[in-house]
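In what follows, a single structure is set out as structure tokens and then discussed.
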Amino acid sequence: ALPISIKTSTERMLARKDGAVGWMIFNNPARHNAVSVDMWRAVPEILGEFERDDAIRTIVLAGAGGKAFVSGADISEFEEKRSSVDSVAEYNAISGRANAAIIDCRKPTIAMIQGYCIGGGLGVALCCDLRIASDNSRFAVPAAKLGLGYAYAGIKRLADVVGPSFAKEIFFTARQFDAIEALQMGLVNRIRPLAELEAYVSNYAATIGGNAPLTVAAAKLCVNEYTKEPAERDLAAAAVAVDRCFASADYIEGRTAFMEKRKPAFKGR
């Protein structure tokens, strides 16, 4: 089946459904996919569409143009959108809702990173479950070169992935790290040659999509609860998600397929 394009509220965000994979593409290549306010606003809309469609099992976030995943916020908007305390608060609320939509998405998300993944772009990638990068990718948080403050939630997400020491190094130096360094820090899960990246990510997404959706969703929920402060963890929700797996038709299908030595056909219920 051919991919299906989805209409979005701005042409700077593209969305398509390709089999069981939903693709959300930051489409501002002239600015290395720097994210403008209208792009941030479109993120929850697109993810909502993918979440409502049971046929979509995995979601891939990518950047258009081949030079960048996302190079950060669109600084050309800063004078207008981020020059006063009030405008900064409004901007942060809009970008915060976009990041929350990625984090709270029940389906697995993969950031397919090629080229620049800088500042807010790295923030977007860290909101995803997995990060798969091309060998020419570059990573940085240049906040210390701009004099801007980074909120606790974003720094915690980075430290949860790379640990406190590397999180400090990334922020203190504000320098660019290459793909090998990113892999060594645990910032990315995998590196592929640029020419192979999209095919590899498509296959990876399809592999995840072929597994039992309730099991994957329960694992995602449990890991996300683990990263919260102990007092904030919803262990009851985690237990419910795990119990749902054992009560599902997919659990019967998985056992049956195993006994019959065939590939299971999971339905997500």
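The values are calculated or read from the model by the stated rules, or taken from the named source; none is laboratory data. These numbers were taken from a predicted model, which means no experiment stands behind them. Every residue, glycine as well, gets a Cβ built from its backbone with ideal geometry; the counts of neighbours run over all protein chains shown. SASA here: full protein model, heavy atoms, side chains in, ligands and nucleic acids out. Shrake-Rupley method; radii C 1.70, N 1.55, O 1.52, S 1.80 Å.
Quick notes on this structure:
- Residue tally, condition open to solvent by less than 50 Å² (accessible area, probe 1.4 Å) and β-branched (V, I, T), over segment 217-226: 0
- Subset of segment 130-154 (residues that are open to solvent by 50 Å² or more (accessible area, probe 1.4 Å), of a type outside the set (K, R), modelled with pLDDT of 95 or more and closer than 20 Å to V35 by Cα): A144
- Scanning segment 187-230 for residues that are in contact with a helix residue (DSSP H, G or I) (Cβ under 6 Å, 6 or more places away or on another chain) and polar (S, T, N, Q) yields T215, T227.
- Residue in segment 70-86 that is of a type in the set (A, V, I, L, M, F, W, C) and crowded, with 17+ Cβ neighbours inside 10 Å present: yes
- Every residue from segment 228-251 that is surrounded by 15 or more Cβ atoms within 10 Å (Cβ to Cβ) and within 23 Å of V161 (Cβ to Cβ): R233, A238, A241
- Filter pass, L14 being closer than 19 Å to E198 by Cα, at pLDDT 95 or above, of a type in the set (A, V, I, L, M) and open to solvent by 50 Å² or more (accessible area, probe 1.4 Å): yes
- Residue check for I75: β-branched (V, I, T), within 24 Å of D178 (Cβ to Cβ) and in contact (Cβ under 8 Å) with a residue 12 or more places away in the chain: yes
- All conditions in (1) on the phi > 0 side of the Ramachandran plot; (2) modelled with pLDDT under 95 hold for K261, with the sole exception of (2).
- Selection count, segment 195-216, where residues are part of a helix (DSSP H, G or I) and surrounded by 15 or more Cβ atoms within 10 Å (Cβ to Cβ): 14
- If you go through segment 240-266 and keep only what is assigned to a loop (DSSP other than H, G, I, E, B), under 22 Å from C222 (Cα atoms) and free of Cβ contacts under 8 Å to residues at least 24 places away in the same chain, you end up with just A247.
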